[in-house]
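Structure, as structure tokens:
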Amino acid sequence: MPHDVIMPALGMAQDSGLIVSWLKSPGDAVKAGDALMEVETDKATIEWESVEEGYLARILLQDGAKDVPVGTVVAVLCEEAE
């Protein structure tokens, strides 16, 4: 069963973020706690960690995607390598 990776809310007033870079590539194994991407808000840049395990199946928004609304699906994890 696929798992959506969404743009996180890193602060109370944040409504969007910038994907600075992906730290995993499609096909890579992902464990809970692995850093998936760097996200920038108006106040900070952080490494966002996965809460799910599996394989990075698809990246839907690439490095540099600006003004991505919180809650937007940015990637998909799947249970088995494709």
Original post:
For the chain, what does the alpha-carbon gyration tensor say about shape, rounded, prolate or oblate, given a ≥ b ≥ c as the root eigenvalues, a/c under 1.5 as rounded, and a/b over b/c as prolate?
Top reply: prolate
Subject >> aspartates and glutamates with Cα under 15 Å of Lys43, excluding same-chain neighbours fewer than 8 positions away >> reply: Asp15, Asp67
Original post:
At what distance in nm do the modelled label points of Gln14 and Ile46 sit from each other, each positioned 7 Å from its Cα along Cα→Cβ?
Top reply: 0.5 nm
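We did not get these values from a lab; they are worked out from the coordinates using the rules stated. Because the structure is a prediction, the values reported are computed rather than measured. In this analysis, Cβ positions are derived from the backbone assuming ideal geometry, glycine residues included, and neighbour counts consider all displayed protein chains.
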